[in-house]
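Take a look at the structure below.
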Amino acid sequence: MKLYIDGTQIEAKPDQSLFDIVSDLGLFHGKLTTDPIVAKIKGRVFTLNYIPLREKDLSPERSSVRKAMAASGGVVRLLRYDDPAAREAYTRTAQFVIFLAIKRLWPKAQAQMSCTLGLGTYFKVINCEDFSADRLKAEVSNIVKENIPLRRRRIPTEEAIKYYNSVGEDDKADLLKYRKKNTLDVYENGDFVDYYYGEMAPSTSFLMTWDILPAPEGFIFLFPDVKNPGKVAEYREMPNLFSVYTEGKNWGELMQCETVADLNELVENGRIRELIRVNEALHEKRYAQIADMVCERGARAVMLAGPSSSGKTTSANRLATQLRVHGKAPILMSLDDYYIDRDKIAPGPDGQIDLEHINTIDTDLFSEQLTALLKGEVVELPSFNFKKGKREWLGHKLRLTDNSVIIVEGLHGLNPVLLPKGLDPSLIFRVYVSPLLPLNLDYHNRIPTSYLRLLRRIVRDFETRGASVQKTLSMWDSVRRGEERWIFPYQENADVIFNSSTLYELAVLKKHIFPLLTAIEPTDECYDRIRAIVKVLNYVYEADVDDEIPPTSIVREFIGGNSFYR
């Protein structure tokens, strides 16, 4: 069988893995900057332990593999750390090594993968009085040196459930009860058995760049710098974000909804409607508290920011409602109206205009107009025509009254370059909005915030713009790069962080998104990313409870029916 490995033609032999082929080509150098981690064949990502001529892949039940191979023409693309799929495989490899190390050192401890903090991931460790981040770091280093092969073994799902019950990992056993397939692929070492819902590196030795730092009740695992994978990413403490995330985790525990299995149980017994009502009440309480803080400070402008699909527009409107309770006259403004004309923006190296870049915003005009408004002057506000790609002046004039409060919503709302120099800081109140989902698949597998935002965006783009899943996914990596550069560095500048996630929304979003995802063919270039989403949603019970979701809910911003848009 002829294969083209990064453009080099080779003749694959029976039982020869991609790892063997890459080794023969001399492409491994012991450096994360150059070494492949996984491979991509058409739309599917494969472990380097994959054997292209493996006979069982020619069987009917492996049709997606056969289709990908046939459509690829034998073209195999090796993915390194600069590719998102390779970074995800690296993360899963790190999970295996971390949890194996904890199992070896503290067999009775329970570790939970929690949240992303400052370019690292926070892990919580319980039932372990003598936990030491330094000891863990040493054991992780040992496991990396052991060069343990990471090969899957397929076992019956029932066997896995019995095993996890026997070792006290009830979270995994409970989740697997909802697994549709009767088999499960696991990775193991000795009596340690685990799975991370995706491809991994060929062995533990591929975990070349990392660090472990102590943290309250656990530790921070630092990953490589994306731009320089040979170097560990610099850790930035984020006490405000961590506090809000911890609050969300504690509230999930209070609601008895910490994992997908817990959510499914609420759907099964009909208590999902109560969870919706309580979650929406929590959001309303938070908006009211933020309005109280704005009024107590005497702020005249609220700068409200957040990443894509975090619910900024709904949050701005609901905050406006709460400010009206205080007798204020809120005025909604969007940073989108301050875009520079498209024909005046220089394209990037790829020939595309980066709409996430701060330079696409006329920061001077915004700063000038904000200063004038706060002085009580009359200002004509711009309006951006997205169809024409140009700014328009439609005679929309504004002057603040004594009880006016401006709410400025946009991606760059927390960027200090927007604010005029010398401005009294008490006049500005900063709000950061992000869906910090506290729900895990199980304790070893988290559901990233970016995952929830992507689900929201796919549904919204389809429901409101008729955009295909493929089109949304094609833009997502660019969106994420923009967030990393222009939004996340400023999130700790916020006076308050609002967690816009809801514990119930995965069960609701599944109804809207699942048919779109399952219609994608294995030969599609975005198939593997969609497959990863489907793997998670396969465990989630669908809840047909849209009628319970109020018209002002953040979830309505994505599934439709939001009364702020009428």
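The values are calculated or read from the model by the stated rules, or taken from the named source; none is laboratory data. Just so it is clear, the structure is predicted and the values come from calculations on it, not from any experiment. So basically every Cβ, Gly included, is an ideal-geometry build from the backbone, and we count neighbours across all protein chains shown.
For region 6-39, which positions are modelled with pLDDT under 95 and part of a strand (DSSP E or B)?
T8, Q9, I10, E11 - these are the residues of region 6-39 that are modelled with pLDDT under 95 and part of a strand (DSSP E or B).
Any idea which residue in region 506-532 is nearest to the chain's Cα centre (by Cα), counting only those that are hydrophobic (A, V, I, L, M, F, W, C) and assigned to a loop (DSSP other than H, G, I, E, B)? Before you say what the answer is, go through the steps one by one.
Initially, region 506-532 is screened for residues hydrophobic (A, V, I, L, M, F, W, C), giving 506-509, 513-514, 516-517, 519-520, 526, 530, 532.
Okay, now just the ones that are also assigned to a loop (DSSP other than H, G, I, E, B), so 519-520, 526.
On the way: A519: 23, I520: 21, C526: 17 Å.
Among those residues, the one meeting the criterion is C526.
What helices (runs of 4 or more DSSP H) lie completely within region 128-233 and have 1 or more residues being within 18 Å of A94 (Cα to Cα)? Write out each step before concluding.
Values: elements: 133-146, 157-166, 170-176.
It comes to 133-146.
How many residues does region 541-566 hold that are at pLDDT below 95 and among the basic types (K, R)?
1
Out of all the residues in region 428-475, which are more than 30 Å from N127 (Cα to Cα) and among the β-branched types (V, I, T)?
I428, V431, V433, I458, V459, T464, V469, T472
Go through region 429-462 and give me each residue that's of a type in the set (V, I, T) and either outside the structural domain of N499 (by TED's automatic domain parsing) or crowded, with 22+ Cβ neighbours inside 10 Å (or both).
Kept after step one, since they are of a type in the set (V, I, T), are these residues of region 429-462: 431, 433, 447, 449, 458-459.
Selection gives V431, V433, I458, V459.
With respect to K172, determine if the residue is touching a residue at least 40 places away in the same chain (Cβ under 8 Å) and either under 28 Å from the mean Cα position of the chain (by Cα) or over 16 Å from D442 (Cα atoms) (or both). Break it down into steps so the answer makes sense when it comes.
Values: touching a residue at least 40 places away in the same chain (Cβ under 8 Å): yes; either under 28 Å from the mean Cα position of the chain (by Cα) or over 16 Å from D442 (Cα atoms) (or both): yes.
Yes; evaluated as a whole, the condition is true for this residue.
Please go through region 237-277 and give me each residue that is assigned to a loop (DSSP other than H, G, I, E, B), in contact (Cβ under 8 Å) with a residue 12 or more places away in the chain and more than 20 Å from R179 (Cβ to Cβ), ordered by number.
Of all residues in region 237-277, those assigned to a loop (DSSP other than H, G, I, E, B) come to 237-238, 255-258, 269-271.
Those left that are additionally in contact (Cβ under 8 Å) with a residue 12 or more places away in the chain: 237-238, 255, 257-258.
Correct list: E237, M238, M255.
Of the residues A329, A261, which single one is at negative phi, among the aliphatic types (A, V, I, L, M) and within 28 Å of the chain's Cα centre (by Cα)? Before the answer, list the steps.
Values: A329 fails: within 28 Å of the chain's Cα centre (by Cα).
Of the residues listed, the single one that is at negative phi, among the aliphatic types (A, V, I, L, M) and within 28 Å of the chain's Cα centre (by Cα) is A261.
Please identify the pairs in which a residue from region 113-134 that is over 10 Å from R446 (Cα atoms) has its Cβ atom under 6 Å from the Cβ atom of a residue that is among the small types (G, A, S) and surrounded by fewer than 19 Cβ atoms within 10 Å (Cβ to Cβ), counting only partners at least 6 apart or on another chain.
Matching pairs, first to second residue: V125/A109; N127/A109; C128/A109.
Can you say whether A101 is modelled with pLDDT of 95 or more, within 27 Å of I530 (Cβ to Cβ) and either assigned to a helix (DSSP H, G or I) or among the small types (G, A, S) (or both), as far as the supplied structure shows?
On the way: modelled with pLDDT of 95 or more: yes; within 27 Å of I530 (Cβ to Cβ): no; either assigned to a helix (DSSP H, G or I) or among the small types (G, A, S) (or both): yes.
So A101 does not fit the description; no.
Within region 342-364, how many residues are assigned to a helix (DSSP H, G or I) and free of Cβ contacts under 8 Å to residues at least 40 places away in the same chain? Walk me through it before giving the result.
As a first pass, look at region 342-364 and keep what is assigned to a helix (DSSP H, G or I): 342-344, 358-360, 363-364.
Adding the requirement that they be free of Cβ contacts under 8 Å to residues at least 40 places away in the same chain leaves 344, 359-360, 364.
Selection size over region 342-364: 4.
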